[in-house]
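Asker: Quick one: this structure, given as structure tokens, is what I'll be asking you about.
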Amino acid sequence: MRATPLLWMVRLAFTAATCAIAPASPAATLSEQLSDLGHPNTRPCQQENHTEGLGGLTVLQFESQETSNDNDQEAVALMKLLATALASSGLHYAGFDPRKDWNKCANRNPKYVFWRDYDDNWRYVKGEPSKYFAGILEGLAPEQRGTPAEAYVLYTLGAVESQLGHRKRSVDHFEQAYTILKAVDDPRGIKARTLAALVQHYLVKGRDPVKGEVYLHAYALAMESFTGIKGKHLPLVKVAPVYPYHAQLNGREGYVILEFTVDADGRVRDPIVIEDSPQGLFDDAAIDAALQFRYVPRVVDGKRVPVSGGRNRMTFELED
């Protein structure tokens, strides 16, 4: 392989980290199902930044039809076909975009957007999403006020505003949702999703670390109630290591597996190399990156505790 300096890629694999709030992209599964159902020319968008981390949006591209009316019918038919699969993937939005150029990924505002409401019905979002969900919120019945159903709409509206870059409005909606959810049962896990968004805004992005730490503790408590999540490290911040220049220059590739403790604040402590190849070449870069990671702290009996045995694999690869 001919290596060109400064053209490189690092893959991070969190072997002891599972993120339940941001579901893994269902791209492969949906592609297979679509092909089996006779729709090989419909495919999920593959660009990572188009699958929203709040568990919201996956964009599916389908072959553009003759007329706009044909495209309308195709989008609705695909939604009906995939409703169960999308819901089981934990998704709350599904966007469909007609495509003639398959080399371009659908944008953040696909032509057809569907939303899974609190009663698990998929609705076609007509017009501008922020106005649509504001209308849903305004039209809630009196008995729905102050319930998880209202919090879910507020959370959804916050996610939409976040995607549109309306930061203040987004956070206001998330905080309103959390205020409701602190006082009621939360059978759908909306509280954890909402807290995940608030932690990202205040703590991870550094806008108010003190408030962010408060939300982080509440998030850790909320996550303890999820079946299958207890005992796992949930990553908040992942930092790609710096590819050593001499390794780039000489076309060297490899990997490092680290083991470490996640302390009571969710920070990485005492990382050690348990496997690497080539020996010693990428160790320092991997350790320096791992020390910048941040996880959701483990909570036991309401208190944060350190946990040993966390592992992470970093793969260093050069582009052709």
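Asker: With a cut-off of at least 2 residues that are more than 18 Å from V296 (Cα to Cα) and in contact with a strand residue (DSSP E or B) (Cβ under 9 Å, 6 or more places away or on another chain), name the helices (runs of 4 or more DSSP H) lying wholly within the stretch 128-211.
Answerer: Here the list reads 129-138, 148-163.
Asker: If we keep just the residues of the stretch 279-314 that are under 20 Å from A220 (Cα atoms) and basic (K, R), which is surrounded by the fewest Cβ atoms within 10 Å (Cβ to Cβ)?
Answerer: K303
Condition check ((1) among the polar types (S, T, N, Q); (2) within 30 Å of F174 (Cβ to Cβ); (3) assigned by TED's automatic domain parsing to the domain that holds E175; (4) modelled with pLDDT of 95 or more) across all residues:
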site	(1), (2), (3), (4)
A218	no, yes, yes, no
A222	no, yes, yes, no
N250	yes, no, no, no
A264	no, yes, no, no
P271	no, no, no, yes
G280	no, no, no, yes
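Asker: May I ask you to list the residues in the stretch 266-278 that are crowded, with 16+ Cβ neighbours inside 10 Å and closer than 13 Å to N312 by Cβ?
Answerer: V268, P271, V273, D276
Asker: Among the listed residues L216, L198, L181, identify the single one that is among the hydrophobic types (A, V, I, L, M, F, W, C) and closer than 23 Å to P129 by Cα.
Answerer: The conditions single out L198.
Asker: Is there a residue being crowded, with 17+ Cβ neighbours inside 10 Å and on the phi > 0 side of the Ramachandran plot anywhere in the stretch 172-181?
Answerer: no
Asker: Which one of these is part of a loop (DSSP other than H, G, I, E, B) and either farther than 23 Å from A196 by Cβ or in contact with a Pro (Cβ under 6 Å, 6 or more places away or on another chain) (or both): R269, R313, R304, R252?
Answerer: R252
Asker: So E317 clears everything in (1) in contact (Cβ under 8 Å) with a residue 60 or more places away in the chain; (2) crowded, with 16+ Cβ neighbours inside 10 Å; (3) touching a strand residue (DSSP E or B) at 6+ places or on another chain (Cβ under 6 Å) except one condition, right? Which one?
Answerer: Condition not satisfied by E317: (2).
Asker: So which of A83, A77 is at pLDDT 85 or above, surrounded by fewer than 16 Cβ atoms within 10 Å (Cβ to Cβ) and either aliphatic (A, V, I, L, M) or over 22 Å from F133 (Cβ atoms) (or both)?
Answerer: A77
Asker: Please state which of the following conditions R145 fails to meet, knowing it meets all the rest: (1) without any contact (Cβ under 8 Å) to a residue 12 or more places away in the chain; (2) surrounded by 18 or more Cβ atoms within 10 Å (Cβ to Cβ); (3) basic (K, R).
Answerer: All conditions pass for R145, except number (2).
The values are calculated or read from the model by the stated rules, or taken from the named source; none is laboratory data. On a predicted model such as this, the values are computed, not experimentally measured, just so you know. For neighbour counting, all protein chains shown are included, and Cβ atoms are generated from backbone atoms with ideal geometry for every residue, glycine included.
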